[in-house]
1. Restricting attention to segment 1-55, which residues are surrounded by fewer than 18 Cβ atoms within 10 Å (Cβ to Cβ), basic (K, R) and touching a strand residue (DSSP E or B) at 6+ places or on another chain (Cβ under 8 Å)?
2. Can you tell me which residue among G8, G16 is closer than 23 Å to K151 by Cα, at pLDDT 90 or above and under 13 Å from the mean Cα position of the chain (by Cα)?
3. Out of I99, I173, which single residue is under 20 Å from I23 (Cβ atoms) and within 16 Å of the chain's Cα centre (by Cα)?
4. If only one of K113, K133, K129, K100 is touching a Lys or Arg at 6+ places or on another chain (Cβ under 7 Å), among the basic types (K, R) and under 28 Å from W197 (Cβ atoms), which one is it?
5. If G112 passes every condition in (1) closer than 17 Å to F24 by Cα; (2) assigned to a helix (DSSP H, G or I); (3) not aliphatic (A, V, I, L, M) but one, which one does it miss?
6. Among the residues of segment 105-113, is there at least one that is closer than 15 Å to D33 by Cα and surrounded by 13 or more Cβ atoms within 10 Å (Cβ to Cβ)?
7. Filter segment 117-162 down to the residues that are more than 15 Å from T19 (Cα to Cα), under 17 Å from the mean Cα position of the chain (by Cα) and among the aliphatic types (A, V, I, L, M) and list them by number.
8. Tell me, which helices (runs of 4 or more DSSP H) lie completely within segment 129-204 with 1 or more residues that are at pLDDT below 90 and either closer than 26 Å to S85 by Cα or of a type in the set (D, E, K, R) (or both)?
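The values are calculated or read from the model by the stated rules, or taken from the named source; none is laboratory data. None of the values given here were measured: they were computed from a predicted structure. Using ideal geometry, Cβ is built from the backbone for each residue, glycine included, and neighbour counts are taken over all protein chains shown.
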Amino acid sequence: MRKALIIGLTGGFGTGKTTVAGIFRKLGAKIIDADNIAHSLLMSRKSGIYRKIILRFGRQVLNKDKSISRKKIADIVFNDTKKLSDYQKIIHPPIIKRIKSEVRRAQKNIPGKIIILDAPLLVETCLHKAMDKLIVVKADRRTQILRLGDKFGLKKADILRRIKFQLPLSQKIKIADYVIDNNKTLADTEKEVKKVWESLSRLV
């Protein structure tokens with residue numbers, strides 16, 4: 001029985017990684033979304049993360065319904081390197097554990113298929129080392145700022161601050177097996193994704 005191919009998909013803040021993942025999904029890939037996993041763990045009061053975050057950052061990070069506000073957390077940690085480090089120490093271990101569990105489950109249930117792990121901090125957490133191939137989505141700084149401003153209503157200074165806390169895109173590109181340029185139109189991006197898909201399909 002052929003093993004599933006595990007592909008890492010990452011990029012920079014606002015490069016359009018989610019769009020690329022969506023195209024891969026339409027082509028037949030199984031997508032494991034690290035952001036969705038992080039969100040579900042953050043929202044679950046049974047995950048252990050909830051209690052640890054309140055102990056570290058106080059109840060000021062809660063919404064009116066007592067759920068954790070990702071925006072409030074972001075406003076705090078992206079203005080303080082130490083707090084960002086503390087936050088990552090709380091959330092990364094359980095997220096990585098869940099991701100590895102999801103990958104194992106997918107490998108077992110859909111052998112011979114292409115499984116794509118969509119994760120913004122794939123390289124930063126060294127998860128890329130467990131991937132068969134690495135795809136990096138790139139876009140120029142102007143495009144990143146425009147997209148994030150439209151999507152989240154963030155100011156330019158806030159966007160640049162968040163980008164600064166990620167590993168430079170240039171370093172991710174150096175270790176990538178495939179680079180998808182997402183600066184142009186959606187149709188152009190779809191063409192690039194299909195080329196990568198055809199290449200990956202030959203490896204399964």
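1. R25
2. G16
3. Criteria check complete, one pass: I173.
4. K113
5. (2)
6. Within segment 105-113, one or more residues are closer than 15 Å to D33 by Cα and surrounded by 13 or more Cβ atoms within 10 Å (Cβ to Cβ).
7. L121, L122, V123, L127, A130, M131, L134, I159
8. Those helices (runs of 4 or more DSSP H) span 141-152, 156-164.
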